[in-house]
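What follows is a short report on a single structure.
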Amino acid sequence: MTAPYLDIGRIRSEFPILKREAYGKPLVYLDNAASAQKPLSVINAMKGAMEGSYANVHRGLHLLANETTAAFEGARKTAAKFIKAASADEIIFTGGGTDAINLVANSLGQEIGEGDEIILSVMEHHSNIVPWHFLRERKGAVLKWLDISDDGEIDLDAYRALFTSKTRIVSLTHMSNVLGLGTPARELSRIAHEHGAKILFDGCQGAVHGDVDVQDIDCDFYAVTGHKLYGPTGIGFLYGKRDVLASMAPYRGGGEMIDEVAIDRVTYIDPPHRFEAGTPPILEAIGLGAALDWMNAKGLGAIAAHEIALAEHALTELQRLNYVHVYGAAHGKAPIIAFNVDGAHPHDVSTILDRVGVAVRAGHHCAQPLMKRLGVSATARASFAAYNTHDEVEALVKGLQKTHEMLR
Ligand SMILES: Cc1ncc(COP(=O)(O)O)c(C=O)c1O
């Protein structure tokens, strides 16, 4: 089996880390949903900035300050285009996905009062649960939980039934980091707006595996992280609709977000800079811009097609192993596959796979409510990226056969 559209050999040669071995075996890196590896173009963009053109942004009037500001703002434009935002002013750079969601919970959260309701689903990442728990604890907000089917799907009637006149915010994943299933974002968004609520999508996985169009989804916010998109850590971004951002108060104060500071008053500048207090992650934003350029050059459709082929191959093979249980529906899955091996703890599965060079994740995947819903304390998870191959799917399957022999 070969990838229909991607030159995988060439792609792999662009990721230096893929040349290394694990315990004398070729490295099979299948922990991409936790963090993806970085291509040379990202490494070189960050190194090039540090070596050739670096200064703080938005402050200086000298050559290096102007060049760095142009590169930083260029990355913002690239991020805006990547998710088809109407304007780069709707993109706020953050420290990552968690940071982006905390921004909304803290800024929009200032408008939340006792008894106001926030809708979440049971398959959220803790990053999209804990910031809302803070509003429950500190302001008396009420969290309302959308259940999923045993296959991991959302029932729109059950969703509709959660709304009341007190619903203010809906915050849902665009794709589960455990089940690899997308959510019907446009429908979810439409229903939230019908009830006068704002809606945020956690796009930390959704933006990696699909072509996102925030205008088509018509969401108020969309949170993205850089390190799963082949970019560096410490960077992500929040998309916010222009008028929604304009109406929000900042929650982090400092340099570069103010209009005027006096001893008795302070005023703020417009978004996005209103929400970017202090020196931003400049090099990381440049690295993220390079990562998005890299993905665009390969083709988002081609990457997604390759990943779906890998997921289908893996699911077909795993279904043949009657001692492996895969969680979530098999159809329409992105390449994120949570599973358990009968009679084996996922940590043991992961450790044995590791010894044959296959890196997967094991644990609760920062989704304890989902683990509870699935009736498990943990799972193993194999997740694939643009550089993974069908041979690596086979390596996973062989590793699982070995695991089963050792642990049964
Ligand atoms: C669905 C989802 N949301 C949020 C996050 C947190 O993103 P970050 O690591 O950038 O804080 C992750 C990362 O694992 C994720 O998978």
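The values are calculated or read from the model by the stated rules, or taken from the named source; none is laboratory data. As the structure is a prediction and not an experimental result, all values here were calculated from the model. All Cβ positions, glycine included, derive from the backbone under ideal geometry; neighbour counts span all protein chains shown. We work out accessible area using only protein heavy atoms, side chains counted, and drop any ligands, DNA or RNA first. Shrake-Rupley method; radii C 1.70, N 1.55, O 1.52, S 1.80 Å.
See the values below:
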{"item": "Beta bridge orientation in segment 150-301: antiparallel %, DSSP, nearest 5", "result": "55 percent"}
{"item": "Percent RCO, i.e. relative contact order, over segment 337-408, from Cα pairs under 8 Å lying at least 6 residues apart", "result": "41 percent"}
{"item": "Fully extended contour minus Cα-Cα distance, from ASP211 to ILE258, at 0.36 nm per residue", "result": "13.5 nm"}
{"item": "Fully extended contour minus Cα-Cα distance, from GLU137 to THR279, at 0.36 nm per residue", "result": "48.0 nm"}
{"item": "Relative contact order (%) - criterion: Cα under 8 Å, at least six apart; region: the chain", "result": "23 percent"}
{"item": "Antiparallel content of DSSP bridges confined to the chain, in %, to 5", "result": "55 percent"}
{"item": "Candidates LYS19, LYS144, LYS38, ranked by Gaussian network fluctuation over the chain, Cα under 10 Å, top entry", "result": "LYS19"}
{"item": "Qualifying aspartates and glutamates (Cα of each under 13 Å from Cα of LYS198; at least 8 residues distant if same chain)", "result": "GLU111, ASP116, GLU117, ASP218, ASP220, ASP243"}
{"item": "GNM top mover of GLY52, GLY253, GLY196 - the chain, alpha-carbon springs below 10 Å", "result": "GLY52"}
{"item": "Where labels lie 7 Å past Cα in the beta-carbon direction, separation of LYS166 and GLU394 in nm", "result": "5.9 nm"}
{"item": "Gain on full stretching of the segment that runs from ALA158 to GLU51 - 0.36 nm per residue minus C-alpha separation", "result": "33.0 nm"}
{"item": "Angle between the chain longest axis and helix 390-407 axis [Cα atoms, degrees, rounded to 10]", "result": "70 degrees"}
{"item": "Carbon plus sulfur fraction of accessible area for segment 254-390, probe 1.4 Å, in percent", "result": "51 percent"}
{"item": "Sparsely packed chymotrypsin sites (Phe, Trp or Tyr not before Pro) within segment 94-153, loop by DSSP, other Cβ within 10 Å at most 14", "result": "none"}
{"item": "FRET efficiency, GLU187 to ALA249 (Cβ-Cβ, R0 25 Å, nearest 0.05)", "result": "0.25"}
{"item": "Label-to-label distance, nm, for residues given as ASP218 and ASP342 (7 Å Cα→Cβ offset)", "result": "4.9 nm"}
{"item": "Sites SER87 and GLU405 - FRET efficiency at Förster radius 41 Å, r taken between beta-carbons, to 0.05", "result": "0.10"}
{"item": "For the chain, calculated [θ]222 nm from helices alone, where every DSSP H run of n ≥ 4 adds -39500 (n - 2.57)", "result": "-12000 deg cm²/dmol"}
{"item": "GNM top mover of VAL142, VAL261, VAL376 - the chain, alpha-carbon springs below 10 Å", "result": "VAL261"}
{"item": "Solvent-accessible area, 1.4 Å probe, carbon plus sulfur percent, for segment 103-204", "result": "49 percent"}
{"item": "Probe 1.4 Å, accessible area per residue of the chain, Å²", "result": "41 Å²"}
{"item": "Rounded percent of accessible protein surface that carbon and sulfur make up, segment 11-52, 1.4 Å probe", "result": "61 percent"}
{"item": "Proximal lysines relative to LYS372, as straight alpha-carbon distance under 25 Å, when same-chain residues fewer than 8 apart are discounted", "result": "LYS144, LYS333"}
{"item": "FRET efficiency estimate (nearest 0.05) - Cβ-Cβ, ASP147 to ALA359, R0 41 angstrom", "result": "0.80"}
{"item": "C-alpha center-to-center spacing [segment 1-62, segment 176-235] in angstrom", "result": "24 Å"}
{"item": "Which listed pairs, of LYS19/LYS81; LYS47/LYS81; LYS47/LYS228; LYS228/LYS298; LYS81/LYS166, have C-alpha distances above 28 Å, in listed order", "result": "LYS19/LYS81; LYS81/LYS166"}
{"item": "Label point distance in nm, SER35-ASP7, each placed 7 Å from Cα along Cα→Cβ", "result": "3.0 nm"}
{"item": "Segment 197-269: antiparallel DSSP beta bridges as a percent of all, rounded to 5", "result": "75 percent"}
